[in-house]
Each structure stands twice: as structure tokens, then as C-alpha cells.
Amino acid sequence: MTGKQHHRSKQQNMIMLTLFLERQQRESPLQNPPQPTRVGIRLRMLLCLLFSIPIYLFITLVTFAQAPPIKEDRIAIQNAHDFYYSQKYSEAIEAYKALLKTPLLQHSKDAIRMNLGRSYEKLGDDAMALQSFQAVIDDDPDGSYASQAVHRIGALFRDRYQYKEAITRCRQLANKYPKTQTAAIARYLVAQYIFADGGYDEAIENYRSFLNDFPTSPYRNSALNSLIRLYRIRHRYTDAEKLIQTELSHKPNDINLMDQLAGLYKAQEKYDEALSLYRTALEQNPTNTDILKKLGELYAERGQQELAAEQWAKIVQDDPDQSYRYQQLGSIYTSHQMYEKAVEAYETALNLSPRNAQLYNRLADVYKIQGEIDMAVNTYLRALSVVEIGYSGRDTLVQSMAEIYEGAQQERLLKGVIDRLQVMLRAKSRNPSLVLSLAEAYFYRGDLDLALRTFEQLHQFYTADRGHLLEKYAQILERNKNPKAADFYRTIAELFPNTHLAWAAQMKLVRFYEQWGRWDDALTVLTSMTRRNNQPSAQLLLGHVWLHGIRDPGAALQVYQALANQPLSTDEKIQIQLGIATCYILQGKSNIAEIALRPIADGNSNFKAEAQKLIGDAHLLRGDIESAVAAYKRVLDIAMSNPLSNDSLDRIVLIQSNSDYSNEPLKRYLEAMQSDLSGNTEKALQLCQETMKEYPTALIVDDLWMLIGGIYEREARYTDAIAAYQKVSALEESPIAAEATAKIADIYRWQLNELDKAQETYTALIQDYPESVIVAYARQQLDALMKEKN
């Protein structure tokens, strides 16, 4: 520093100090100027000395002395996390964004940014998710949260099998932050993704490069194992052996490395070398059951069964009182077809653990493999008499027994099981496990009324269960679309009133009625529920039933408007707005509906796509075709793999495929559709018939017949519905002919119970429309029908 610079620096110090003292005096003014004192004079002298201190040091000292500790709003942080873990991602995003504007400790800021990124992920906003994760890495590329962020960035694309994009992103991170933890993880993930994408040779080079550049990375062992595996896949045994030998030279007692090298020798049929390594490994750890198992397998492959059995027997020597050891031994014997020894091992295990349902299942499997079905059944019944309800694996016993056979043989087997269970119950009439077993046997035999009655008997003296046993079988029936599921859910609500399970059962009952088109039954259940408990979820479902089932927009609007005045979550408020908007659209008030929908469509909630789809419907039903197409295309931009995007595509195809006669038939169809959705089916049918009469060659004739068929099907006029759908199937050029044929088959199967006709129609669909996406569904239904017939 020159003399001139030093003088300027001292002047700056004096000015800064003067300003600082003046500010302090303004903040604490004194009424009377203080008189000079000895202490004051000394203080001034001290301040004069400070003039020689560089100003940046002075400011640093003052700032350090005055820096207050960061005080986080822990309640706000917890509330934001609660939104996230409750899967309310829109609310979580808003809460996290607000928190990032407040004082935060670094670890809290990183955790918030990570969850913010994941919330954006869940809502499909990749750009904002990547921005959040990138901010974490930017703050500290060597931090633990940075490691998580790198993984999330890669996983964002890996989970969609977009490996090339994941690789590119990770390489960018590695280049941007060289020689950091971020670079290490990114390089490791690059190799992983290349491996997963099938680029084996390129993956080998990337693993080798990673191991050389990051020898102390915690991912080193994983990378090493992957590299060895790749060498074996590519039959580069020499390279694999060299790599393992190099590692062993540094860690000569590493049993895992010995195991890998032995496996490598075994793959090359170098059995003596493999045996030597396994023996060396056992000398260091004689109780290592994994090595004992592999050594025995090596002997077995060489045909030395006695030596193999001798090694396997050592598995239980050190822990002869542990049933899991004998279970492991039984599994080994079974896999090598040594069934007598397997039975002996499992029986020993059962002596040590007589209520272990898994052991009974394994033992029964051994008998089934040998075709000894009676012994297998005896094993299951023995288990059912001692394994109490609630024990792990207990719920699989009857099902496993039922699956021994199919069709008529299964029915005979279960009849014999039921007879034996009834005999056992005469001696132990109040044994809960046996009563439950009887109910389950009835269920798998198809005697659902007897099964339900037996479940009710179980409830009388087994109070420990609160309906979950019955719920399991209701869910099985629901998945199989069996109408008896309604009886099971109703029974849960009756046996366990005023419980959360009863409430959930009634909600599932409503959903089940919805699937079957039993809207009046759904309305009855919901009306009863909302009288007792005015839960928003039930009210929302009630509005849905009025709107989409009963098709009364006016009644639905009343429900939604009454619900809007209650305390609700953000998601519930949005759902109400969507319901109200739908009612307005069907009532011809599209402009009002769009005003309500626009903020939702422009926001970041889970309902963004649904709002945009409804905007498209509003345009469509008021005849604004171009605006409707534009709105539906925006749905595709928001979510390409969403069911709503499929609906929007269908709408676009409907519009573009039926533009003849200046769109007049299309507009008539839309008017009929609006009438149908509003519950005025007579007007809808009339409009359809009039349109086909006036435009008999219009392109939209097939859609008109499909709409007519849907109305008849809902009204249970199944013969008329089939006739309408057949009109569509008869139109050879119709793109919806396959769908109409599937609807005919479904009516035969589910509504008329004419299974032969259903099978015939599904088969015709597969033959006539081999390129249709509906063929896969038809094949599934045919497979299910064949099982039912057998």
C-alpha cells in the first residue's frame, strides 16, 4: 500500500466511524451532551487508535458481534412437512416457498428444498423439481442433501426409463462440480444407468473410471460388485479374476471377495480352485451359512451328494435350537430333490416353532411336489388347529390348500376339507381359528352366503377382530367384480357400527354400487351416512352421485354449494369448484363455469388437468369447436399419461372425425350428449333419432348409436342396448366398432349371465379386430371365463 492509498484508507475509516457514531447517537439521543471524563477521554483515545485498523476488519468485528442467532419458525416448518407427508403437495409447495423467504438454518433449508422438489415431482412439474434439487447442490456440492438431490435428479428420468436423459443430467453435474461428492455420485449413477440401459461395455469403462477417480467413495463396493458382474456377463473372466485378486491383495481376509472369486471359478468349471477358496473362507468363518450352502451345492453339482449333505448339516450345528436354521436346511434339501431330508428338517423346525405358518406351508409344498396331496391337506389342517388368528402367514393356509386344484377337483377337495373342519369343530366349537378356517373354505368353494354367515358367527365370540378379516374377503370379491361384495361391506357396517372401518366400508360400498351402475343404492347409503356424520368426503361423493349417476345437476349443485360453507382443505375446496363448474356447464352456463375453472387450470394443483378438460367441455357444449380443441390440447401438454388426456384425445378425435355437413350433425350429437348428462334421456334419444333421420350418412352415426346403447344399458334395457351396439359393429369403417362389440360381450357376461354368448362375442372381437387395443381386454375376459367354467 502506498502512502497516498494508506491516507485514503484512513480517511475512509474516519468517515465510516463518524457515520457509525452518529447513527448510534441518533438511535440513543441524549438530552444533555456529556461532560468529558477520564473514562471518556480514554475511550476517545482508544477510538483514535482504531483509525489505523483497516475498515473491512472493523466492519467484520462489528458485524460478528451484532449477528443474532437464526430463529426458525419450527411450527410453520412442521405444518409444511405435514402437508407433504399427507400428500397435499399443492399446499406443501406454497408453505415451503413461504418458508424459504424466512430465516432458516442450512440443514432446514436443504430439507425444505428437497421436499419442495419432490412435491413438484408429484405434480408433474419437472422443471421446478429440477430447479429445487439444483439449488441444494449449488449451496454445498459436498453436503449430504446434495447427495440426495443428485439421486432425485437421476431418478426423475430413470423411473420413466429415460436413461439417456438421466445420463446426460448426471454428466452435467459431474462436470460442473469436479472432485466433489456430487461428482462422485453423478459418475457412479452414470455407470449404473448405462448398465441398466444395456450398454455393458460402456458401463465397464465408466465403472473403471469411477473406481480410479474416487477410490474412497462409499459407493465403491457397489461399483466393484457391478463391474465384476459385468465382466462375467461379457465372459471377461480374466479381467474379473484380476480385479478380484487385486482387491484380495489389499483385503486378504475378505470373505465376500473369496466368495465372488469362487463363484467365478465355478462358472468356468474350475471346481478345485472354487473348493479351495470356499474352504479357506470357512476356516476364517466356519459358521457362515451362505458359504456352507454354496460349498454343498458345489459338491452336489459334482455328484457328491453325501459330502453336500455333510456341509449343509453344519448349518444347524452351532444353533441347534433355532428353527430358522432348519427351515433354511429344508429349503436347500427341497431345491436338490432330497425330499425325505427336507421333511425331516421342516418337522424339526416345527417342533421348535409349532405356530410358524410358513413352515407348514413349506412342508405342504414338499408333499405337493411329490404328489402326496392327502399329506399336504393333513399338514394344512394341522396348522389351522394350532396357528392362531393374527399369526404371520396364517391367512395364506386355506388359500394355499384351495389352490392345489382347480375346477371340479378343487370343489371336491374343499368339500372334504369342510367336512373335516366341521368334525374338528364338534370337539372345539369355539376355536376361532377353526371357525375362520371354515368361513374361508366356504369362501374359496364359492358358497359366499355360508361364508358370510360363518364370519358373523366368528364375530360373536372373537372380539379381537374389528372387521379386518371380513374386509379382506370383501376386497377380493370387489376386485373380481362379484356383486356379493356389497353384502360383505354391508355386513361390516352392521357388525362394527360407529367405527372408522364401518365408515370406510360404506364408502367402498358406494364406490362398488357406482361401478355396477346401482346409483339409487349408492344414493341411499350416502344419504344415510350424511345424516349421521356430515363428513366432507361423503358430501363430495354425494354430489358426485347426483351429478354423474342420477344425472341431476340441480341437486348436485345444492350439495356442492352447501358444502362450500364448511371448513375444508384446499383440495376439497378445489373439488367443490370443479363440481359446481360441471353443474354450470350442464345447465348451459359455460361462461360462469370457465370463470371458476380458469384459476385452477392456471395453478399448480393436482386438479389442473381436470379443470382444463372441463374448460374444453364448456367450449364444446356451447358449440365453440376450435376453442374446445385448443383447450383439450392444453390438457395433453399438462399430463400426457393421465386418464384425462385419453378423454381429451377422444374428444379431439370425435371433433376431427365428424366435421361433415358443416359440423351440424356433430352439434346435434353434442346437444344429445348434454341432455343425457343432465338426466333428460328422452330428449337425448329423440335428438339422436332425429339426427340420424336427417343425416343418415353422417360420419357421426356410430357415435349416436353408441350413445343410444349407453342410455338403454343404464336403464337395464339390455336387449335394446345390444341392438344399438350391433348397429355400430355393423359399420365396418367405424373406429369404435370393437368397443361396441366389447360392450355387447360385457352385457352377456355381467348382466344377462349368458356366458357362452359372452365367450363367443369376445372371441369374435379378437378375430375381427386384431389390431384394436381392446383385444387385450377381451383376452383377459376369455381367460377369466375359462377358469369359471372349469
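Sort out which residues of region 155-209 are among the small types (Gly, Ala, Ser) and under 20 Å from Leu224 (Cα atoms), and write them in order of number.
Ala174, Ala183, Ala184, Ala186, Ala191, Ala196, Gly198, Gly199, Ala203, Ser209
Quick check on my filter: what residues within region 294-310 are among the aliphatic types (A, V, I, L, M) and farther than 14 Å from Ala274 by Cα?
Of the residues in region 294-310, the ones among the aliphatic types (A, V, I, L, M) are 295, 298, 300, 307-309.
Result: Leu307, Ala308, Ala309.
Please work out if Arg355 is under 37 Å from the mean Cα position of the chain (by Cα), charged (D, E, K, R) and more than 30 Å from Tyr405 (Cβ to Cβ).
No.
Which one of Arg187, Arg234 is modelled with pLDDT of 90 or more, surrounded by 15 or more Cβ atoms within 10 Å (Cβ to Cβ) and charged (D, E, K, R)?
Going through Arg187, Arg234 in turn, just one is modelled with pLDDT of 90 or more, surrounded by 15 or more Cβ atoms within 10 Å (Cβ to Cβ) and charged (D, E, K, R): Arg187.
Read through the list (1) modelled with pLDDT of 95 or more; (2) closer than 21 Å to Gln767 by Cα; (3) surrounded by fewer than 21 Cβ atoms within 10 Å (Cβ to Cβ); (4) not aliphatic (A, V, I, L, M), then give the number of the only condition that Glu732 fails.
(1)
List, please: which pairs have Cβ atoms under 8 Å, are six or more places apart or on different chains, and start with a residue in region 260-275 that is touching a residue at least 40 places away in the same chain (Cβ under 8 Å) and over 17 Å from Asp239 (Cα atoms) and end with one that is among the hydrophobic types (A, V, I, L, M, F, W, C) and open to solvent by 20 Å² or more (accessible area, probe 1.4 Å)?
none
How many residues does region 126-162 hold that are open to solvent by 40 Å² or more (accessible area, probe 1.4 Å) and assigned to a loop (DSSP other than H, G, I, E, B)?
So the answer is 6.
I need the full set of residues from region 545-601 which are of a type in the set (Gly, Ala, Ser), open to solvent by less than 50 Å² (accessible area, probe 1.4 Å) and either assigned to a helix (DSSP H, G or I) or in contact with a Phe, Trp or Tyr (Cβ under 6 Å, 6 or more places away or on another chain) (or both), in order please.
Gly549, Gly554, Ala555, Ala556, Gly579, Ala581, Ser590, Ala593, Ala596, Ala601
In region 467-504, which residue that is of a type in the set (Phe, Trp, Tyr) and part of a helix (DSSP H, G or I) is farthest from Ala522 (Cα to Cα)? Give the derivation first.
To start, the set of residues in region 467-504 that are of a type in the set (Phe, Trp, Tyr) comprises 473, 488-489, 496, 503.
Remaining after also requiring part of a helix (DSSP H, G or I): 473, 488-489, 503.
Numbers: Tyr473: 21, Phe488: 15, Tyr489: 13, Trp503: 14 Å.
Within region 467-504, the match that is farthest from Ala522 (Cα to Cα) is Tyr473.
How many of the residues making up region 357-411 are at positive phi and open to solvent by less than 10 Å² (accessible area, probe 1.4 Å)?
Number of matching residues: 0.
Do we find a residue being in contact with a Lys or Arg (Cβ under 7 Å, 6 or more places away or on another chain), part of a loop (DSSP other than H, G, I, E, B) and within 20 Å of Val435 (Cα to Cα) anywhere in region 301-321?
No, there is no match, as no residue in region 301-321 is in contact with a Lys or Arg (Cβ under 7 Å, 6 or more places away or on another chain), part of a loop (DSSP other than H, G, I, E, B) and within 20 Å of Val435 (Cα to Cα).
Only one of these conditions is not met by Gly198: (1) at pLDDT below 90; (2) not in a helix (DSSP H, G or I). Which number is it?
(1)
Looking at region 648-676, I want the residues that are within 17 Å of Trp705 (Cβ to Cβ) and have a partner that is open to solvent by 60 Å² or more (accessible area, probe 1.4 Å) and β-branched (Val, Ile, Thr) with Cβ atoms under 9 Å, at least 6 apart or on another chain. Which pairs are those?
That search, which allows pairs on different chains as well, returns Asp660/Thr697.
Going through region 77-92 one residue at a time, which ones are assigned to a helix (DSSP H, G or I) and touching a helix residue (DSSP H, G or I) at 6+ places or on another chain (Cβ under 9 Å)?
Scanning region 77-92 gives Ile77, Asn79, Ala80, His81, Asp82, Phe83, Tyr84, Tyr85, Tyr89, Ser90, Glu91, Ala92.
Working only within region 477-506, note down all residues that are open to solvent by 40 Å² or more (accessible area, probe 1.4 Å) and small (Gly, Ala, Ser).
none
Mind counting the residues in region 678-720 that are loosely packed, with under 15 Cβ neighbours inside 10 Å and either under 38 Å from the mean Cα position of the chain (by Cα) or not in a helix (DSSP H, G or I) (or both)?
Final tally of qualifying residues: 5.
Got a number for residues in region 357-375 being of a type in the set (Gly, Ala, Ser) and under 15 Å from Gln337 (Cβ atoms)? Walk me through it before giving the result.
Within region 357-375, the first condition is being of a type in the set (Gly, Ala, Ser), and the residues that meet it are 357, 364, 371.
Then keep just the ones that are under 15 Å from Gln337 (Cβ atoms); that gives 371.
So the answer is 1.
In region 423-431, is there at least one residue being in contact (Cβ under 8 Å) with a residue 40 or more places away in the chain and either more than 27 Å from Arg466 (Cα to Cα) or within 34 Å of the chain's Cα centre (by Cα) (or both)?
The answer is no, given that none of the residues of region 423-431 is in contact (Cβ under 8 Å) with a residue 40 or more places away in the chain and either more than 27 Å from Arg466 (Cα to Cα) or within 34 Å of the chain's Cα centre (by Cα) (or both).
The values are calculated or read from the model by the stated rules, or taken from the named source; none is laboratory data. Keep in mind that what you see is a predicted model, and the values were worked out from it rather than measured. With ideal geometry, Cβ positions are generated from the backbone for all residues, glycine too; neighbour counts draw on all protein chains shown. What goes into the accessible areas is simple: the full protein's heavy atoms, side chains included, and nothing from ligands, DNA or RNA. Shrake-Rupley method; radii C 1.70, N 1.55, O 1.52, S 1.80 Å.
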